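**Student:** Handing you this structure, nothing more for now.
The values are calculated or read from the model by the stated rules, or taken from the named source; none is laboratory data. The model shown is predicted, which means the values in this text are computed figures rather than measured ones. Counting neighbours? That spans all protein chains shown, and the Cβs are built from the backbone with ideal geometry, glycine included.
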Amino acid sequence: MPNTADTGPDAPLDVTPLLDDPYATYAALREAGPVHRITGPDGNPAWLVTRYDDVRRGLADPRLSLDKRHAAPGGYRGFSLPPALDANMANMDPPDHTRIRRLVAKAFTPRRIEALRAPVRKIADELLDAMAERGRAELIADYAGPLPITVICDLLGIPHRDRRDFLAWSDALITPDPNRPEAMKEAVGAMLEFYTGLIAAKRAEPGDDLLSDLIAVRDEPGAGEAGGEGSERLSEDELTSLAFLILFGGYENTVHLIGNAVLTLLDHPDQLRRLQHHPAELPAAVEEFLRYDGPGPLALRRFPKEDVEIGGVRIAAGESVLLSIASANRDPARFADPDTFDRGRDLSGHLALGHGIHYCLGAPLARMEAAIALEALLDRFPGLRLDVPRGDLRHRRSLRSRGLISLPVAF
């Protein structure tokens, strides 16, 4: 457990316990104080905010910018994406964020998401068919991973032959290999080359897919200068970055949501049996999966545009602020008995998918995919069980992403 007595700028906390035992560590941090000085996942000093009310306010506070240009001089170091992948909503404030979100929102309407329900179930059933004869599977590699990557690639119009490469590149970014520090740079270079080539191919031969639609918006004449004030167009970097964000975000969060949810059910067999017999309750259960062990422990880092006070702690303009969604969602001041998985609790206000103008645009799709994936799995394999001792399971060592490395099961 970290020493939580000193949150001064010269005494950042050791974050190792957050990797090894995050929820117990967050509980200790919440008890010790609302804000703590740490060395963030990017190697930079940061202020970690742990209590629900402070995190919720921070997510919607316009003074906390996502734009790295508001970082203090020398306050943002370490690995960065090239501009052609970095010009996305995850790094933007209004009005650019508003402009791009408005364009992308047209692809995530309730009608379009509902139209994906049957294709998602078909993909899930095909993956389960391939697993069934073996009597066992590695659920992340065989199911939780292929399902969302297939769905989001179909949505964007990405050829099947390219999907295996994307999974390898994504893994290199999600969990960097300390023995191969160059792997992240190689993966980013390969991704940039891939997206540039894909966009060129879609320009030459558009398809009935989201990426072709976004290219049409980008290239539409008479809509104002791309990326300029009042424009409804995308710059070329914004187009490439948006394709990257949709594909990477649509895969990473959903694979971990499904994997964590299955493990939670295996840890709670009574709840597993309940949902097998009452699958209509799965959409509500997904909300508790998100709160209890969601895929995104930290919100994207923010930089105050001016000096701010959070939880009684003064934070100078330009310093990094990390809002802990994982800690907020286990805060007993907001959720009674928060370390208990309880499908019946009041889940309004959980922060797993964000809050405010940066609320996850793909949330309806992620919810729908998770509910269908779980329903198909529990229906097909009523005897689902772990195929290794529980203590052998390992999560990725990341503050930014909460997901299992593997999940061997038998049925």
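**Student:** Could you give every pair whose Cβ atoms fall below 8 Å, whose first residue belongs to the stretch 76-95 and is acidic (Asp, Glu), and whose second residue is modelled with pLDDT of 85 or more and exposed (fewer than 12 other Cβ atoms within 10 Å of the Cβ), counting only separations of at least 6 or pairs across chains?
**Tutor:** Every condition considered, the pairs that remain are 93/62.
**Student:** With respect to residue 300, determine if the residue is in contact with a strand residue (DSSP E or B) (Cβ under 9 Å, 6 or more places away or on another chain), modelled with pLDDT under 95, under 30 Å from residue 153 (Cβ atoms) and among the hydrophobic types (A, V, I, L, M, F, W, C).
**Tutor:** In short, yes.
**Student:** Still on this model: Which of the residues spanning the stretch 337-352 are at pLDDT 95 or above and of a type in the set (A, V, I, L, M)?
**Tutor:** Correct list: 351, 352.
**Student:** Also, quick follow-up: Could you say which residue among 121, 164 is surrounded by 12 or more Cβ atoms within 10 Å (Cβ to Cβ), among the basic types (Lys, Arg) and under 24 Å from residue 362 (Cβ atoms)?
**Tutor:** Result of the check over 121, 164: 121.
**Student:** Please count how many residues of the stretch 394-407 are more than 16 Å from the chain's Cα centre (by Cα) and either modelled with pLDDT under 95 or surrounded by fewer than 16 Cβ atoms within 10 Å (Cβ to Cβ) (or both).
**Tutor:** Looking only at that region, the number is 2.
**Student:** Given the conditions (1) crowded, with 20+ Cβ neighbours inside 10 Å; (2) farther than 21 Å from residue 56 by Cβ, and given that residue 344 satisfies all but one, which numbered condition is not satisfied?
**Tutor:** Against the list (1) crowded, with 20+ Cβ neighbours inside 10 Å; (2) farther than 21 Å from residue 56 by Cβ, residue 344 comes up short only on (1).
**Student:** Let me ask something else about it. What residue, among those in the stretch 354-379 that are modelled with pLDDT of 95 or more and in contact with a Phe, Trp or Tyr (Cβ under 8 Å, 6 or more places away or on another chain), is surrounded by the most Cβ atoms within 10 Å (Cβ to Cβ)?
**Tutor:** If we take residues in the stretch 354-379 being modelled with pLDDT of 95 or more and in contact with a Phe, Trp or Tyr (Cβ under 8 Å, 6 or more places away or on another chain), then 373 is surrounded by the most Cβ atoms within 10 Å (Cβ to Cβ).
**Student:** A further question on this structure: For residue 142, indicate whether it is over 19 Å from the mean Cα position of the chain (by Cα), at pLDDT 90 or above and buried (at least 18 other Cβ atoms within 10 Å of the Cβ).
**Tutor:** Yes; evaluated as a whole, the condition is true for this residue.
Let's see how each residue does on (1) exposed (fewer than 15 other Cβ atoms within 10 Å of the Cβ); (2) farther than 23 Å from residue 15 by Cβ; (3) touching a residue at least 60 places away in the same chain (Cβ under 8 Å):
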position: 270; (1), (2), (3): yes, yes, no
position: 291; (1), (2), (3): no, no, yes
position: 295; (1), (2), (3): no, no, yes
position: 300; (1), (2), (3): no, no, yes
position: 303; (1), (2), (3): no, no, yes
position: 314; (1), (2), (3): yes, no, no
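**Student:** In this structure, is residue 137 outside any helix (DSSP H, G or I) and either at negative phi or not charged (D, E, K, R) (or both)?
**Tutor:** Yes, satisfied.
**Student:** Of the residues 207, 227, which is over 26 Å from residue 403 (Cα atoms), modelled with pLDDT under 90 and not in a helix (DSSP H, G or I)?
**Tutor:** 227
**Student:** In contact with an Asp or Glu (Cβ under 8 Å, 6 or more places away or on another chain), modelled with pLDDT of 85 or more and of a type in the set (Val, Ile, Thr): which single residue out of 196, 254, 240 fits that description?
**Tutor:** Only one candidate passes the filter, namely 254.
**Student:** Let me ask something else about it. Please specify each residue of the stretch 26-45 satisfying the condition of being assigned to a helix (DSSP H, G or I) and touching a residue at least 40 places away in the same chain (Cβ under 8 Å).
**Tutor:** Those that are assigned to a helix (DSSP H, G or I) and touching a residue at least 40 places away in the same chain (Cβ under 8 Å): 26, 27, 29, 30.
**Student:** Among what's in the stretch 230-281 and is of a type in the set (S, T, N, Q) and not in a helix (DSSP H, G or I), pick the residue that is farthest from the chain's Cα centre (by Cα).
**Tutor:** 231
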